[in-house]
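Peer 1: Please read through the structure below; I'll follow up with questions.
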Amino acid sequence: MKFLRLTVLAAAAALTTLTATLAAAQGAKLKVGLMLPYTGTYASLGNAIENGFRLYVAEQGGKLAGREIEFVKVDDESEPSKATDNVNKLVKRDNVDVIVGTVHSGVAMAMAKVAKDTGTLLIVPNAGADAVTGSMCAPNIFRSSFSNWQPGYAMGEVMGKKGIKNVVTITWKYAAGDESVGGFKEAFEKAGGKVTRQLNLPFPNVEFQALLTEIAAAKPEAVYTFFSGGGAVKFVKDYAAAGLKGKIPLYGAFVTDGTLEAQGADAEGIFSTLHYADDLNNPRDKAFRLNYAKTYKLQPDVFAVQGYDAAQILAVGLAAVKGDTSKKAEFAAAVEKARIDSPRGAFTLGKNHNPVQDIYLRQVVGKENKVVGVAAKSLADPGRGCKMGG
Ligand code: BEZ
């Protein structure tokens, strides 16, 4: 019985390989499954990622490795409980060649499990879940963004070096918040600081008032936070309305990205660490920003860059296999050797397929996250628990 099952599975895998090889040889369209949030607190992030991805494809004349791209879209709603069904629709019903997604770490972990089990190519254009390039890492899984640990760790070093000793953290209680604070705490406490209180609320709750009252009473030297999207807009506004702005400095990751229009003066002066900033002024970034603004009548943000770079990673892999996505090992080998010419500055992928990249210290001035300096040079995620191919 077991032998029969294995034979059927092997036959199915051989058929998938043959189909992919024939499709590439015939120059058939390449199906890209975009699994992103198009509703909810992270909707703007999903849209920016899709814009960035499409922009790179358009710059290549609408084709990668000679194959036109056909998009199949799923709104994942940033809802982990629906994630497995959603990703299975793309893999089993739509037969996509590659999945690009998503934003939310909990959803991404379900996607990584299906990708690992089925061998489908997955490129993660945002979600920082450490496990995706840690214990769940796989030869067919790549990330164009960051691990949650990276910006948090960089900020822990920055605040430690500033001589700050006593910090309260506040975030959503799920992998992204926990791991961002985890990275921060690791570096900050190594530098002699102490996280005196870790405040949380469930994702995507935005009733911050009781926690802000607790911060006011605790009077820490500074606050470290992770929020993003619609939740970040409300948090920064509520922080100011509670009278904390100017009294207890706010530091964070993602809390001012793609949100500055809506946050206005309440965001002024906030320090954050990330792998992108709005005034990098390198030629690659200038060209990217110009083209993005012309195409979408919008300014790009870090999410748009990550979408753009997900398409670049796909292009590198596809070029090496002449569009044949069944050649997974050759695809991975090409991506592992590549230097991705990103608007953020060139980066490579580490052995665990996570970007090795500079993390900038930025400060909000007007409507921009402006670079103050490089907080951590060529920072690699530790890839804890990653056994590639194991
Ligand atoms: C996450 O869930 O991993 C995430 C969401 C928004 C911004 C950054 C990370």
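Peer 1: Within the stretch 150-171, does at least one residue satisfy the condition of being surrounded by 23 or more Cβ atoms within 10 Å (Cβ to Cβ), part of a loop (DSSP other than H, G, I, E, B) and within 14 Å of the ligand (Cβ to nearest atom)?
Peer 2: no
Peer 1: Follow-up question, since we're still on this one. Does residue 186 meet the test of being crowded, with 23+ Cβ neighbours inside 10 Å and either out of contact with any strand residue (DSSP E or B) (no Cβ under 8 Å at 6 or more places or on another chain) or among the hydrophobic types (A, V, I, L, M, F, W, C) (or both)?
Peer 2: no
Peer 1: Name the helices (runs of 4 or more DSSP H) wholly inside the stretch 229-337 in which the number of residues that are at pLDDT 95 or above and either more than 30 Å from residue 214 (Cβ to Cβ) or touching an Asp or Glu at 6+ places or on another chain (Cβ under 7 Å) (or both) is 3 or more.
Peer 2: The helices (runs of 4 or more DSSP H) meeting that bar are 229-241, 283-296, 302-320, 328-337.
Peer 1: Among 96, 103, which is the only one that is crowded, with 24+ Cβ neighbours inside 10 Å, assigned to a loop (DSSP other than H, G, I, E, B) and away from the ligand (no atom under 16 Å from the Cβ)?
Peer 2: 96
Peer 1: Scan the stretch 193-215 and tell me whether some residue there is among the small types (Gly, Ala, Ser), touching a helix residue (DSSP H, G or I) at 6+ places or on another chain (Cβ under 7 Å) and closer than 29 Å to residue 117 by Cα.
Peer 2: No, because not a single residue in the stretch 193-215 is among the small types (Gly, Ala, Ser), touching a helix residue (DSSP H, G or I) at 6+ places or on another chain (Cβ under 7 Å) and closer than 29 Å to residue 117 by Cα.
Each row is one residue, and each column tells you yes or no for (1) surrounded by fewer than 16 Cβ atoms within 10 Å (Cβ to Cβ); (2) at pLDDT 95 or above.
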residue: 21; (1), (2): no, no
residue: 32; (1), (2): no, yes
residue: 60; (1), (2): yes, yes
residue: 72; (1), (2): no, yes
residue: 77; (1), (2): no, yes
residue: 84; (1), (2): yes, yes
residue: 87; (1), (2): no, yes
residue: 91; (1), (2): no, yes
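Peer 1: Which condition number in (1) more than 17 Å from the chain's Cα centre (by Cα); (2) modelled with pLDDT of 95 or more; (3) closer than 15 Å to residue 118 by Cα is the one that residue 17 fails?
Peer 2: (2)
Peer 1: Same structure, new question: Provide a single number: the residues in the stretch 45-71 that are under 20 Å from the mean Cα position of the chain (by Cα) and of a type in the set (Val, Ile, Thr).
Peer 2: 2
Peer 1: Here is a follow-up. Go through (1) of a type in the set (Lys, Arg); (2) closer than 21 Å to residue 373 by Cβ; (3) in contact with a helix residue (DSSP H, G or I) (Cβ under 6 Å, 6 or more places away or on another chain) one by one and return the number of the condition residue 237 breaks.
Peer 2: Going through the list (1) of a type in the set (Lys, Arg); (2) closer than 21 Å to residue 373 by Cβ; (3) in contact with a helix residue (DSSP H, G or I) (Cβ under 6 Å, 6 or more places away or on another chain), residue 237 breaks only (2).
Peer 1: Hey, any hits in the stretch 202-220 for a residue that's crowded, with 19+ Cβ neighbours inside 10 Å, in contact (Cβ under 8 Å) with a residue 24 or more places away in the chain and assigned to a strand (DSSP E or B)?
Peer 2: No, every residue in the stretch 202-220 fails to be crowded, with 19+ Cβ neighbours inside 10 Å, in contact (Cβ under 8 Å) with a residue 24 or more places away in the chain and assigned to a strand (DSSP E or B).
Peer 1: Name the residue, out of 111, 136, that is touching a Cys at 6+ places or on another chain (Cβ under 9 Å), on the phi < 0 side of the Ramachandran plot and within 16 Å of the ligand (Cβ to nearest atom).
Peer 2: 136 is the lone residue from the list that is touching a Cys at 6+ places or on another chain (Cβ under 9 Å), on the phi < 0 side of the Ramachandran plot and within 16 Å of the ligand (Cβ to nearest atom).
Peer 1: Using the structure shown, decide if residue 281 is without any contact (Cβ under 8 Å) to a residue 12 or more places away in the chain and either farther than 22 Å from residue 121 by Cβ or not assigned by TED's automatic domain parsing to the domain that holds residue 188 (or both).
Peer 2: For residue 281, the condition - without any contact (Cβ under 8 Å) to a residue 12 or more places away in the chain and either farther than 22 Å from residue 121 by Cβ or not assigned by TED's automatic domain parsing to the domain that holds residue 188 (or both) - is met.
Peer 1: Could you pull out the residue among 313, 359 that is buried (at least 21 other Cβ atoms within 10 Å of the Cβ), not acidic (Asp, Glu) and not assigned by TED's automatic domain parsing to the domain that holds residue 59?
Peer 2: 359
Peer 1: Do we find that residue 194 is within 16 Å of the ligand (Cβ to nearest atom) and surrounded by fewer than 24 Cβ atoms within 10 Å (Cβ to Cβ) in this structure?
Peer 2: No: the conditions fail for residue 194.
The values are calculated or read from the model by the stated rules, or taken from the named source; none is laboratory data. Remember, it's a predicted structure, so these values are computed and weren't measured experimentally. Neighbour counts are summed over all protein chains in view; Cβ atoms, including those assigned to glycine, are modelled from backbone coordinates with ideal geometry.
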